[in-house]
1. Quick one: which residue in 2, 76, 30 is closer than 21 Å to residue 154 by Cα and either in contact with a strand residue (DSSP E or B) (Cβ under 8 Å, 6 or more places away or on another chain) or at pLDDT below 95 (or both)?
2. What is the residue count in the range 246-274 for residues that are more than 19 Å from residue 193 (Cβ to Cβ) and either out of contact with any strand residue (DSSP E or B) (no Cβ under 6 Å at 6 or more places or on another chain) or without any contact (Cβ under 8 Å) to a residue 12 or more places away in the chain (or both)?
3. Pairs please, first residue from the range 168-191 and without any contact (Cβ under 8 Å) to a residue 60 or more places away in the chain, second anywhere and part of a loop (DSSP other than H, G, I, E, B) and surrounded by fewer than 23 Cβ atoms within 10 Å (Cβ to Cβ), Cβ atoms under 6 Å, 6+ apart in sequence or on different chains.
4. For the subset of the range 154-182 comprising residues that are exposed (fewer than 14 other Cβ atoms within 10 Å of the Cβ) and out of contact with any strand residue (DSSP E or B) (no Cβ under 9 Å at 6 or more places or on another chain), which member is nearest to residue 68 (Cα to Cα)?
5. If you go through the range 44-54, how many residues are more than 18 Å from residue 129 (Cα to Cα) and in contact with a helix residue (DSSP H, G or I) (Cβ under 8 Å, 6 or more places away or on another chain)?
6. Looking at this structure, is residue 58 assigned to a strand (DSSP E or B) and more than 23 Å from residue 158 (Cα to Cα)?
7. Restricting the search to the range 147-164, which residues are in contact (Cβ under 8 Å) with a residue 24 or more places away in the chain, more than 24 Å from residue 103 (Cβ to Cβ) and assigned to a helix (DSSP H, G or I)?
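The values are calculated or read from the model by the stated rules, or taken from the named source; none is laboratory data. The structure displayed is predicted, hence computed values, not measured ones. Neighbour counts run over all protein chains shown; Cβ positions are idealised from the backbone, glycine included.
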């Protein structure tokens, strides 16, 4: 029995990264090609909206527009670009949704391209891994973010908004939000702690949103291919293998975090499933 009625993919723009950040060693040199060229690739920035009989659920909160404000001459490893109407609040408005109406926000992790507009959801329960929250907040308190993917401005906004947090403890694998929609604690890997979302739809069946726990299909393998940007490589492999087992058991379609080819396919399908 599921109370979910629709899953909607929200296209919130793009980032550009060195492909080796996504798959470590993808452009390794060889004896005959000792100086291979790096590949600069486009990846999607996305979020997902779930409509249910028990209220609205959002998975991830986009990237804040400030991340696109690159000063002249500055060098950045992952610039954010977007078109008018692509910022998360605009995407929600296009579907007739106000942040105040969202009941749950499940945050895969607190990097800037996933939590940029989290501060807007003051009426929602914010579901995140305890390991992710604790690790990132400790770093924030020590002013240790630097130029990394966690942003001080985001965390300032989280605290100012007085958000209501629900932390998934180590060993708490699942947390059912409503019948048919479950937050899944993947453990460490890409970040201190990664959280996915399993949705069971009446017609389209199961979906498992995994964000950066798996950037792309080629990370899943087999064998698992660890990204270049990773907090815990052993945890990454462990969580990837868990995702594969979890999805197989539930006959769920795995939705990767930054797989441009797959995301283009999702949009070509209409970006909505019931």
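1. Numbers: 2 fails: closer than 21 Å to residue 154 by Cα; 30 fails: closer than 21 Å to residue 154 by Cα.
When all the criteria are applied, what remains is 76.
2. 10
3. Pairs that qualify, where the first residue is without any contact (Cβ under 8 Å) to a residue 60 or more places away in the chain and the partner is part of a loop (DSSP other than H, G, I, E, B) and surrounded by fewer than 23 Cβ atoms within 10 Å (Cβ to Cβ), are 185/172; 185/173; 188/232; 189/232.
4. Top of the filtered list is 156.
5. Matching residues across the range 44-54 total 4.
6. For residue 58, the condition - assigned to a strand (DSSP E or B) and more than 23 Å from residue 158 (Cα to Cα) - is not met.
7. If the condition is that a residue be in contact (Cβ under 8 Å) with a residue 24 or more places away in the chain, more than 24 Å from residue 103 (Cβ to Cβ) and assigned to a helix (DSSP H, G or I), then 153 is the only one that fits.
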